[in-house]
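Contents: one structure, followed by commentary.
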Amino acid sequence: VLTGLCPLAGPSPTSSIHVYTQREVYGTVGSHVTLSCSFWSSEWISEDISITWHFQAEGSRDSISIFHYAKGQPYIDDVGSFKERMEWVGNPHRKDGSIVIHNLDYTDNGTFTCDVKNPP
């Protein structure tokens, strides 16, 4: 079971970003899965928008950053268990921060969190 959280992020309560993910995503070992992340903001989408995906393995207290989008560029984890298995499929101008994880492994079971920031 791949689980997504739906955090709220933003600079202040009056200009928050609403982030939407699927509550649960299922995949089989060896297949791929899309982790959807859409967002809504009452503000225009800034060129400084950033999107970060975190992963917390099942049974672990620690969360690690596995993907980051900033300054118009995706930065995919080049170390760790997701190395060379992730694909950026999002488009911030369409309010989409989705990623694909290829070649699923049983160790991918856990919680994935999408965090969106739209400065200022």
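Per-structure values
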{"read-out": "Solvent-accessible area per residue for the chain (1.4 angstrom probe, square angstrom)", "value": "58 Å²"}
{"read-out": "Rounded to whole Hz, the Karplus (6.51, -1.76, 1.60) HN-Hα couplings of region 103-120, x for glycine and proline", "value": "6, 3, 10, 4, 6, 7, 5, x, 10, 10, 10, 9, 10, 10, 10, 10, x, x"}
{"read-out": "Kirkwood-Stokes translational diffusion coefficient of region 62-120, alpha-carbon pairs, 20 °C, 1.002 mPa s, µm²/s", "value": "170 µm²/s"}
{"read-out": "Accessible-area composition of the chain, carbon plus sulfur, in percent [1.4 Å probe]", "value": "51 percent"}
{"read-out": "Added length on full extension, which subtracts the Cα-Cα distance from 0.36 nm per residue, A57 to S31", "value": "7.5 nm"}
{"read-out": "Overall Cα dimensions of the chain - principal axes, largest extent first, Å", "value": "41, 25, 22"}
{"read-out": "Separation of the S42 and Y20 label points, Cα + 7 Å toward Cβ, nm", "value": "1.8 nm"}
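The values are calculated or read from the model by the stated rules, or taken from the named source; none is laboratory data. In this text the structure is predicted, and so the values were computed from the model without any measurement. Methodologically, a virtual Cβ is constructed for each residue, glycine included, from the backbone with ideal geometry; neighbour enumeration extends over all protein chains shown. The accessibility values were calculated without ligands, DNA or RNA, using every heavy atom of the protein model including side chains. Shrake-Rupley method; radii C 1.70, N 1.55, O 1.52, S 1.80 Å.
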